[in-house]
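Single-structure report; data block below.
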Amino acid sequence: MKSSKIAQLEHYQHPTAKSLRTISKPPEARFINNRPESIAQRKLADSIKHSPRQLAQSKTANLIKNSSKQLAQRKILEAMQGSAILSAQRRQPTMQMKDGVFANDDRGSEQEADKTGENAVQMRRDTSRKQPEPHGVIQRAKYSIEKRVSLTTAAKPWKEKDGQSAKKRAVGAMLATLREEYPLPSSYKKTQDNNTDDNFRGKDFLERKAEILKRFEDVDESATDVISTRASIEGDKEAGKRRSTSQAADVSRIAPGFKWIGAHLIKREWGGADNMWNVVAWPQEAEDKWADQFEKSVDTDGLYGRDPGTVGIAVTKEDDTIDKDFIDEVEKYSLEIGLNNSVTAETAKQTGKFKETVAKKRNYLNRAMESIPVNAAGTNKLGTTTLSTSETRYDEAKESAKAEFADTVTDALADTSEITRHTKDKTPIPKTMEEAEKVESGKRLKERQKDWKEEKQNYRADKYEFTNTLFPDG
C-alpha cells in the first residue's frame, strides 16, 4: 500500500534528491539511459519481476512508472514478505479454558488457526519466548486473552430524552427487541403502524407483548425515572466514566481503507472496563457481527429479566508486529537499490535522533496493531461467534504499518542531524537503540500493568475469570 510520504514524493523533488529520480520518457523514446540512477531503477524493476512473489507483468509495468522511492518501498516490502523474518512459522502451545469453553489442541499455520477459530478461537502461546521483565524491553510474543464471565441481571434506569418519556423509551426498547425475535412474514407488506403489524407476528409474540405492557401499566407516563433490567457482571454495577482507551483513531490513520471501531470484548453496559485488555479496534463489519451474534441474545435475556448465563471470550493478539530486525532488513534493501547512501546511513545510525525516531515509531505502530485482534471468539448460551483474521482486517493493517515504518527508517537513514531539546527538557538523548527501546516499550508495559491490575480488582472474583498469556502473573 502506498504511504502518504511516498505519495508526496511523487509530486515533490527535493534538490538533494535529484540522484534518486529520473523523468519517465514516453514509450516512443528509444534510447538507453546509462546514468547510475537509471541503471539502479532498471535493476530494481528486474529484481521485482523475478522475485519469489512472481509479480504479474502488468503490475511490474505499473511499478516501473512510479517514482524511485515508491519502487524502493515496494521492493523493500516484497523482500520482507519473502524473508525468513515474515515467513518463519510461529510456535503456539495449546491452551484450554475451564468447563470446555474454547477447546482446541491442534494448531498449525496462520491459515489453519483462522479455520479452527471458526469452532472457537484458542491460540497457543510460544513458551520458548521470554516473558517481559517488569522494567525491561517488551519481548516479541503472540499472546491470548481469555475471559469467562458469569452474568446476572441488574437495574437499568431510563430517563426522558428527546421528547420521549422514560416509560415510552423503556417499553419501546423491549418491544423493539421482541419484534426482532418475531419477524413479520416475508409476504406481508409492512405498514407505518407497529401495532397493526404486530397482529401478524404470531400468537407467542402477542402473549409476550401483553406481558411487557402489563409490567409497565402501573407506571405513570410522566415518570422521570423508569427501571427495567439489563445483563451485568455484578448486580449493582453501572458503567463508569468512559475513558479514551481505543486505538481506533490511530489504526484509522495507519490503514484508512476501513471504518475502524473502538469496541468492547465484554460490553461496557455489562460492566466491561475501558482498558487495553477489554477495548479492541476492528472494522464496522466485525462490530456488527459481534453485536448481532454474540451480544444481542445476552442483551435480550437481560432486558426481559432472564438469566443471561455465562459468556466466554478468547482473543489472540500480536505484541510485536514490527520487530527490531525489520530495521536492519529495511536498511539492507534500501542500500542495495541505492535509495540510501551507506556512508550517510552509517553516520545517521550513530545519532540519538535516529534511535529515538525509529524506537518511537516502532512502538507507536505496535501499540496500535496490538489493539486489532488477530482473531476472536465469544461464547454465550446459544453458541460461539468467531471473527477470523480476514474479518478483523489484521493483515491489511499490518502491511500498512510496515510500509509506514519502512518510510520512517529510510528517511531517518538519510538524516545525520542530532536531537535538539528545549533547555528545560532534561530527557537524556539515547546512546544505544536498546536505551531508546527501553523508554518507549516501558510506556506500553506501564499501561499493561495498570490496566491488568484494574481488570483483577474491578470485578468480584466469584463472577469473573480472566487470564492472559503475556504476563499471566501480572
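Just a few scattered comments:
- When its C-alpha radius of gyration is set against 2.2 N^0.38 Å (N residues), region 357-456 gives a value of 1.47.
- Model label zone, ASP197; criterion: amide N under 15 Å from point 7 Å along Cα-to-beta-carbon; scope region 171-185: 172-185
- Region 284-367 - Rg over Rh from alpha carbon coordinates, Kirkwood radius: 1.36
- R0 of 56 Å, Cβ-Cβ distance LYS424-SER342: FRET efficiency to nearest 0.05: 0.90
- With the simple model of a label 7 Å out from the Cα in the direction of the Cβ, GLU207 to LYS289 spans 3.6 nm.
- Pairs of alpha carbons in region 159-208 separated by more than 14 Å make up 56% of all such pairs.
A short reminder: the numbers here are calculations on the coordinates, not readings from a lab. None of these values were measured; they are calculated from a predicted model. Heads up, the Cβs are rebuilt from the backbone with ideal geometry, glycines too, and the neighbour counts pull from every protein chain shown.
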